[in-house]
1. Residue 490 - would you say it is modelled with pLDDT of 80 or more and open to solvent by 90 Å² or more (accessible area, probe 1.4 Å)?
2. Among the numbered conditions (1) farther than 25 Å from residue 191 by Cα; (2) in contact (Cβ under 8 Å) with a residue 40 or more places away in the chain; (3) surrounded by fewer than 22 Cβ atoms within 10 Å (Cβ to Cβ), tell me where residue 23 comes up short.
3. Consider the stretch 357-387. How many of its residues are under 19 Å from residue 412 (Cβ atoms) and touching a residue at least 40 places away in the same chain (Cβ under 8 Å)?
4. Answer yes or no: is there a residue in the stretch 58-70 that is surrounded by fewer than 16 Cβ atoms within 10 Å (Cβ to Cβ), β-branched (Val, Ile, Thr), assigned by the TED database to the domain that holds residue 96 and closer than 22 Å to residue 115 by Cβ.
5. Go through the stretch 438-458 and give me each residue that's surrounded by fewer than 15 Cβ atoms within 10 Å (Cβ to Cβ) and outside any loop (DSSP other than H, G, I, E, B).
6. Hey, among the residues in the stretch 230-280 that are closer than 20 Å to residue 321 by Cα and β-branched (Val, Ile, Thr), which one's farthest from the chain's Cα centre (by Cα)?
7. So, in the stretch 72-95, exactly how many residues are β-branched (Val, Ile, Thr), open to solvent by less than 10 Å² (accessible area, probe 1.4 Å) and not in a loop (DSSP other than H, G, I, E, B)?
8. The conditions are (1) within 22 Å of the chain's Cα centre (by Cα); (2) open to solvent by 10 Å² or more (accessible area, probe 1.4 Å); (3) β-branched (Val, Ile, Thr), and residue 174 fails exactly one of them. Which is it?
Amino acid sequence: RATMKSLRFLSAEAFVSNAEFVRKSLSVVAHNLFPLLFKASYLLEQGEVIHDLVENWPLVDFNVGKLLGATADYQEDLSHRTCSVCLESCLTGLRDYVLNNFSPYMKRLKVVDLTGIKDVEVQFCKCKKTMGRWARTQLLSKLCLELVVYLQQAQCNPGTFEISIDVLIDLFVTERNYELVVEALLKKCCCPLKICCVAFRSDNLTLQKFFYIIKLANPSLLRKLEIVHNVRLEMEHLEILFNSIHFPLLTSLTLPARTFNVQRFTATDEQMLTHIGEKMGEMTQLTELCMSFSILTGRIQKLLSPRKTPLKMLDVSNCSLNHADMAYLANSFHANHLETLDLSGHDIPQLFPSTFFKLLSHSSSVLRSLTLEDCNIQDTHVNMLILGLSPCQKLHEFKFVGNPLSSQALKHLFTFLCELPMLKNVEFPVPRDCYPVGITYPIDDASVCRFDHQKYESVAEELNLILLQANREDVKASTPLFGSYDAAVQETNNELGAYLIKSFKETLEKFTTSFNKMS
């Protein structure tokens with residue numbers, strides 16, 4: 001449905017449609033019209049106009065998320081459009097703002113906030129070329145270094161050296177852009193554009209490089225830290241991290257798979273875990289914790305009980321939790337505050353049905369997102385699940401891919417889901433009766449696509465019809481066979497793929513060498 005535009009916005013669109021005219025007229029444009037013109041030019045992908053607006057920005061702050069968000073003149077939120085043309089124009093315009101000595105406006109800009117940009121799967125920009133978080137990190141670092149070099153070599157206006165602009169950004173660092181980002185952070189004091197890292201994601205980095213760059217990124221300002229996939233951080237490294245670096249503002253922490261493995265624990269490891277729990281307890285701002293694919297059997301209480309402030313998001317998917325863990329979660333003060341919960345990879349009906357429903361009951365008044373993938377939920381459990389979900393009236397998202405449910409059970413469940421007023425996104429499994437008889441769960445990657453696609457499409461159509469008949473066209477229902485969309489993984493999948501192949505090759509070579517020695 002088309003979003004209404006005010007007369008002001010329509011006039012702004014007409015004005016920015018001619019880049020040459022805008023350039024000549026900028027000196028007489030009122031300051032308070034710049035935000036309006038910026039959003040109009042972003043919508044029309046007028047790269048040159050965006051560049052010129054930013055180069056001559058007359059205001060104290062430049063917050064991309066707010067500028068592109070819903071406004072009185074145009075309600076549509078454009079912050080999810082990571083259009084490469086527009087964002088590159090923004091950043092090069094920012095560089096030229098520093099260098100432009102002939103701007104008719106006094107240089108008042110103090111803060112640039114790039115953190116409100118949202119990376120999503122479907123892009124609506126005409127160019128269809130996106131600039132993700134990794135690429136934004138790369139380009140900003142490159143432009144900062146270019147500025148430093150230029151200022152050292154050229155005869156600049158003395159006023160240029162007095163410019164100091166904080167650029168708030170979510171950094172994403174991998175092996176491929178590590179050197180560039182490190183150099184930009186090291187030269188921050190010489191650059192008018194000051195990189196201020198609000199969120200930090202690292203992937204495909206050695207521990208030595210991770211520890212070095214995280215200190216450079218000024219952890220005292222960090223609100224979100226994601227250490228994922230190919231960073232081999234284990235429990236002893238995590239203890240060193242927490243002992244050597246203070247994260248006073250951290251609200252969200254994501255740890256890589258196998259950070260914890262209680263199967264190998266010694267008495268010393270138990271003490272280390274207790275210490276890590278205490279350190280996390282000191283992080284009073286922390287409300288989001290992701291520890292997926294660690295082995296935490298019987299240790300959830302030890303990690304979470306030192307906390308004085310409750311968690312709002314908890315991801316303990318595939319963590320081999322036992323009844324004691326679930327009993328602690330259900331009875332802890334965290335339960336009443338959990339807005340996002342992921343318990344995927346646990347056989348809930350078999351292991352802890354009653355404590356799970358107790359946890360669900362306690363979090364029902366605030367729960368917005370629930371993920372129960374590969375939880376062995378079968379047809380016989382659907383009525384109980386419906387009973388548990390009924391109080392969850394604020395639920396926005398429900399993901400339950402990988403469960404052995406029949407077409408009939410899914411239809412029954414969807415009829416109920418229509419009654420949840422806030423629901424917007426459902427990820428459901430391929431029905432069990434679409435797979436060959438005798439298929440075992442969890443289904444391995446090799447077999448996950450071997451189902452009757454025609455029958456699946458027919459069932460999916462029926463499920464969407466249930467939503468349609470209940471006037472719930474606002475609910476998106478899908479079956480992502482290989483997990484939900486992850487913008488960061490999507491952007492760097494070539495690098496990660498190359499890393500995995502290299503790791504596999506090295507492992508194979510070590511095995512061959514060992515085998516030859518034995519022979």
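The values are calculated or read from the model by the stated rules, or taken from the named source; none is laboratory data. Since this is a predicted model, take the numbers as computed values, not measurements. Every residue, glycine as well, gets a Cβ built from its backbone with ideal geometry; the counts of neighbours run over all protein chains shown. Remember, those area values only see protein heavy atoms, side chains included, never the ligands or the DNA or RNA. Shrake-Rupley method; radii C 1.70, N 1.55, O 1.52, S 1.80 Å.
1. On the way: modelled with pLDDT of 80 or more: no; open to solvent by 90 Å² or more (accessible area, probe 1.4 Å): yes.
Criteria not met by residue 490.
2. (2)
3. 1
4. Taking every residue of the stretch 58-70 in turn, at least one turns out to be surrounded by fewer than 16 Cβ atoms within 10 Å (Cβ to Cβ), β-branched (Val, Ile, Thr), assigned by the TED database to the domain that holds residue 96 and closer than 22 Å to residue 115 by Cβ.
5. 453, 454, 457, 458
6. 266
7. Here is the first cut: in the stretch 72-95, the ones β-branched (Val, Ile, Thr) are 82, 85, 92.
Then keep just the ones that are open to solvent by less than 10 Å² (accessible area, probe 1.4 Å); that gives 82.
Among the residues that remain, those that are also not in a loop (DSSP other than H, G, I, E, B) are: none.
So the count comes out to 0.
8. (2)
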